[in-house]
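Have a look at the structure below before the remarks.
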Amino acid sequence: MAAAARGSVWGSLRRFSEEVRDLHGTDCVPYLEEPPSPLQFHREWLSPNRPCIIRNAFSHWPALHKWTLDYLRKCVGSKTVSVAVTPNGYADAIYDNKFVMPEERTMVFADFLDIIEKKTNPPGVFYIQKQCSNLTEEFPELIADVDSHIPWMSEALGKRPDAVNFWLGESAAITSLHKDHYENLYCVISGEKHFTLHPPSDRPFIPYEMYQPATYKVNEDGTFDVIDDESPAMVPWISVDPLDPDPSLYPGYVETQPLHVTVKAGEMLYLPSLWFHHVRQSHGCIAVNYWYDMEYDLKYHYFQLLDSLTEATRNS
């Protein structure tokens with residue numbers, strides 16, 4: 001593709017991204033003081049693919065006053081659970097030009113809590129982040145303290161959540177920039193979560209590359225090795241750090257206007273499907289999120305078209 005034509009395409013993509021922002025009003029994340037009705041939620045948030053923070057959406061949950069670390073230790077401390085361990089806090093992220101996944105370690109939950117409470121200090125950064133409905137699979141003792149689904153969301157979508165996940169970890173544990181094919185309701189029980197968000201229309205300026213998959217492995221001396229996976233399949237991932245982007249490496253990223261939002265205890269973030277997000281947290285933050293499978297409707301196909309145009313322009 002000639003340089004002039006390529007420039008014209010990129011100019012069109014920039015205007016498209018700006019127009020989508022103007023149309024949807026995605027220059028900030030609004031607050032709702034109470035949960036919406038199913039119809040209101042579908043009309044004002046789900047269908048337009050707009051995020052919002054909802055207060056008083058789960059104020060009736062026993063978890064809000066029961067889930068102290070002492071309570072968790074007493075309730076499930078003797079259980080063996082899955083914990084992600086990394087040397088630097090970045091799980092499922094780019095390191096040394098590879099897509100590196102955490103060491104998935106099984107350990108007694110009470111030992112994990114000792115790390116969170118700084119009673120012990122083993123090498124690495126520890127995070128309970130397994131996303132295969134680990135609340136129902138690994139922590140069934142806690143299910144009665146939260147809702148099994150969010151009724152107004154279930155009615156709006158006509159389905160129950162695919163997964164309900166439990167999150168607890170150190171402040172150094174960071175989720176790298178990515179997107180999910182889920183409608184996500186993220187509920188903070190204690191502490192704070194700090195989200196950096198990009199709408200799907202920012203896709204042209206968010207750099208994906210293909211990486212060799214690998215996994216961290218801790219040695220007896222506390223050092224970590226990176227072990228290449230045997231699978232020949234490469235993994236597409238985003239290498240840019242939105243907190244410290246390098247404009248010389250990612251010049252297109254300067255075209256984006258990321259949203260920064262803090263979700264506090266007792267607040268629920270509606271994170272729409274296909275929105276890019278990067279997540280940090282306060283130390284010992286506890287959260288539960290509900291993943292509802294997205295509708296593979298016209299919005300999804302528009303995103304696929306935008307993704308294909310982006311890649312075609314970049315590779316030409």
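The values are calculated or read from the model by the stated rules, or taken from the named source; none is laboratory data. Since the model is a prediction, treat every value here as computed from it, not as a measurement. Cβ coordinates were reconstructed from backbone atoms using ideal geometry, including for glycine residues, and neighbour counts include every protein chain displayed. Please note that ligands, DNA and RNA were not included when accessible areas were found on the heavy atoms of the full protein model with its side chains. Shrake-Rupley method; radii C 1.70, N 1.55, O 1.52, S 1.80 Å.
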Test set (1) at pLDDT below 95; (2) buried (at least 19 other Cβ atoms within 10 Å of the Cβ); (3) out of contact with any helix residue (DSSP H, G or I) (no Cβ under 8 Å at 6 or more places or on another chain); (4) small (G, A, S) - G25 fails condition number: (2)
Counted residues, region 154-177 - those being open to solvent by 30 Å² or more (accessible area, probe 1.4 Å) and closer than 21 Å to N49 by Cα: 5
Tally of residues being open to solvent by 10 Å² or more (accessible area, probe 1.4 Å), out of contact with any strand residue (DSSP E or B) (no Cβ under 9 Å at 6 or more places or on another chain) and not small (G, A, S) across region 304-313: 4
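Any idea which of D111, D162, D145 is in contact with a Lys or Arg (Cβ under 8 Å, 6 or more places away or on another chain) and of a type in the set (D, E, K, R)?
On inspection, the qualifying residue turns out to be D145.
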Hits in region 228-244 - residues which are exposed (fewer than 15 other Cβ atoms within 10 Å of the Cβ) and under 10 Å from P213 (Cα atoms): D228, E230, S231, P232, A233, M234, P236
Region 175-191 residues that are touching a residue at least 12 places away in the same chain (Cβ under 8 Å) and closer than 16 Å to R160 by Cβ, paired with ones that are part of a strand (DSSP E or B) and open to solvent by 10 Å² or more (accessible area, probe 1.4 Å) (beta carbon under 7 Å, 6 or more apart): Y182/W291; Y182/D293; N184/W291
Flag if E220 is part of a strand (DSSP E or B) and out of contact with any strand residue (DSSP E or B) (no Cβ under 6 Å at 6 or more places or on another chain): no
Positions within region 275-298 being hydrophobic (A, V, I, L, M, F, W, C), farther than 25 Å from E34 by Cα and open to solvent by 10 Å² or more (accessible area, probe 1.4 Å), in sequence order: L298
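For (1) part of a strand (DSSP E or B); (2) in contact with a helix residue (DSSP H, G or I) (Cβ under 7 Å, 6 or more places away or on another chain); (3) not aliphatic (A, V, I, L, M), each residue gets a yes or a no:
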residue	(1), (2), (3)
E137	no, no, yes
H149	no, no, yes
E155	no, yes, yes
P161	no, no, yes
A172	no, no, no
L177	yes, no, no
C187	yes, no, yes
S201	no, yes, yes
E209	yes, no, yes
Residue count for region 260-307, restricted to those that are aromatic (F, W, Y) and either assigned to a helix (DSSP H, G or I) or under 16 Å from P199 (Cβ atoms) (or both): 6
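For (1) in contact with a Pro (Cβ under 6 Å, 6 or more places away or on another chain); (2) outside any helix (DSSP H, G or I); (3) modelled with pLDDT under 95, each residue gets a yes or a no:
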{"position": "I94", "(1), (2), (3)": "no, yes, no"}
{"position": "F99", "(1), (2), (3)": "yes, yes, no"}
{"position": "E104", "(1), (2), (3)": "no, yes, no"}
{"position": "A110", "(1), (2), (3)": "no, no, no"}
{"position": "N121", "(1), (2), (3)": "no, yes, no"}
{"position": "K130", "(1), (2), (3)": "no, yes, yes"}
Selection count, region 238-265, where residues are out of contact with any Leu (no Cβ under 9 Å at 6 or more places or on another chain) and hydrophobic (A, V, I, L, M, F, W, C): 3
Region 187-227: number of residues that are of a type in the set (S, T, Y) and open to solvent by 30 Å² or more (accessible area, probe 1.4 Å): 4
Qualifying residue in region 69-91 (condition: more than 30 Å from E209 (Cβ to Cβ) and of a type in the set (G, A, S)): yes
Within region 213-236, tally of residues that are closer than 19 Å to N88 by Cβ and of a type in the set (G, A, S): 2
Residue that is in a loop (DSSP other than H, G, I, E, B), closer than 20 Å to V164 by Cα and either out of contact with any helix residue (DSSP H, G or I) (no Cβ under 8 Å at 6 or more places or on another chain) or of a type in the set (K, R) (or both), where the choices are A144, A57, A84: A57
